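I have placed the structure first, in the form of structure tokens, so that the comments after it can refer back to it.
The values are calculated or read from the model by the stated rules, or taken from the named source; none is laboratory data. For clarity, every value in this text was computed on a predicted model and none was experimentally measured. Methodologically, a virtual Cβ is constructed for each residue, glycine included, from the backbone with ideal geometry; neighbour enumeration extends over all protein chains shown.
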Amino acid sequence: MAKKTEPQSEAGSPKPKEDVRGKGFAQILHDRARASAERLDALMMSLSTALLGVAFFALSTEVSPALTTGQRLLLLVVLPALGISVVAGMIGLRADVRRNLHHAAAVQHKEKGEKAEVTATYRKRDRWLGIERIAGRVQEIFFVIGILAVSCYAILRAVM
């Protein structure tokens with residue numbers, strides 16, 4: 001039976017084994033938090049611009065033919081639905097940032113042997129995970145409501 005050998009360093013001594021979730025794992029979580037924060041900034045700018053366009057269109061009085069009551073009601077559904085979807089999306093991304101930061105901190109506390117800090121930090125991570133899940137559902141629901149209302153509005157504008 002062949003004996004497994006440890007990888008050798010240049011000096012010939014065995015390289016120390018590094019836990020897959022060691023120092024590198026905490027850095028990966030920090031990197032994820034940073035990437036989420038960058039996506040959050042980009043999302044806020046993109047959606048703010050899009051909502052500004054929707055609001056301008058909805059508030060425009062130079063629409064020909066004039067908007068019917070049903071069309072106005074649909075626009076009154078679209079704006080808050082998409083607004084809530086945007087806010088929920090930003091909350092979800094913020095929660096993702098916080099969750100990854102707490103996860104990274106917990107891994108670092110674990111490496112230092114600080115058990116009380118590990119438990120407290122994992123609780124914070126789990127709380128942010130719950131917030132992220134709720135925000136994600138709210139975002140999806142109100143986005144669908146907004147898209148359906150926009151679709152109905154477009155159909156009514158085309159027909160009338």
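Considering each residue of the stretch 106-117, count those that are under 14 Å from residue 29 (Cβ atoms) and free of Cβ contacts under 8 Å to residues at least 24 places away in the same chain, and give that number.
3
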Does the stretch 12-33 contain any residue that is among the small types (Gly, Ala, Ser), surrounded by fewer than 11 Cβ atoms within 10 Å (Cβ to Cβ) and at pLDDT below 80?
-> yes
Taking residue 97 as the residue in question, decide whether it is buried (at least 17 other Cβ atoms within 10 Å of the Cβ), modelled with pLDDT of 85 or more and more than 28 Å from residue 43 (Cα to Cα).
-> no
Considering 146, 130, which residue is loosely packed, with under 14 Cβ neighbours inside 10 Å and in a helix (DSSP H, G or I)?
-> 130
